[in-house]
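Student: Before we start, here is the structure in question, set down as structure tokens.
The values are calculated or read from the model by the stated rules, or taken from the named source; none is laboratory data. As the structure is a computational prediction, the values presented were derived from the model and not from experiment. For neighbour counting, all protein chains shown are included, and Cβ atoms are generated from backbone atoms with ideal geometry for every residue, glycine included. Ligands, DNA and RNA are stripped out before the accessible areas are found, and what is left, the full protein with its side chains, is counted by its heavy atoms. Shrake-Rupley method; radii C 1.70, N 1.55, O 1.52, S 1.80 Å.
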Amino acid sequence: MANSLRSEVIKLYKNLLYLGREYPKGADYFRSRLKAAFLKNKDETDPEKIKQLIARGEFVIKELEALYFLRKYRAMKQRYYDSDDKP
């Protein structure tokens, strides 16, 4: 694996690990699943396949960010609108 791709993979892993701290099922659940996903592809040597896997990981990051944003939005909505005053 090229050195630049290696650094991208490590950066992706660290970003996902950081985002996994707030995962709804728990950080330990997320960490174990993340580790398994990365170990499954650890022997990949084709640069194009590695780039595809990195792109898939970046998509997962976007999905996690959307999940967290939606959860925060729902919490704010519940705070400001009680069950009697629905807009």
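Student: Hey, which lysines would be in cross-link range of K35, C-alpha to C-alpha under 26 Å, not counting anything within fewer than 8 residues on its own chain?
Tutor: K11, K14, K25, K49, K51, K62
Student: Report, to the nearest 10°, how far helix 47-80 tilts away from the longest principal axis of the Cα atoms in the chain, using its own Cα long axis and a range of 0 to 90°.
Tutor: The helix 47-80 is inclined about 10 degrees to the chain.
Student: Just to confirm, what accessible area per residue do you get for segment 3-82 at 1.4 Å probe, in whole Å²? Numbers along the way, then the final one.
Tutor: Working: 6580 Å² over 80 residues.
About 82 Å² of surface per residue is accessible.
Student: Something else now. Mind checking the log10 I(q)/I(0) for segment 3-82 at q = 0.19, 0.23, 0.27 Å⁻¹? Debye, one equal scatterer per Cα, no solvent, two decimals.
Tutor: -0.84, -1.10, -1.33
Student: Turning to a different aspect of this structure: Of all accessible surface on the chain at a 1.4 Å probe, what whole percent is carbon and sulfur? Could the numbers behind the result be given before it?
Tutor: Numbers: 3860 of 7350 Å².
Ligands and nucleic acids excluded, carbon and sulfur reach 52 percent.
Student: Can I ask one more? Loop-only trypsin sites (Lys or Arg not before Pro) in segment 10-49, please: DSSP not H, G, I, E or B, and at most 15 other Cβ atoms within 10 Å. Mind dumping the intermediate values first?
Tutor: Details: sites: K11, K14, R21, K25, R31, R33, K35, K40, K42, K49; in loops: K25, K42.
Answer in residue order: K25, K42.
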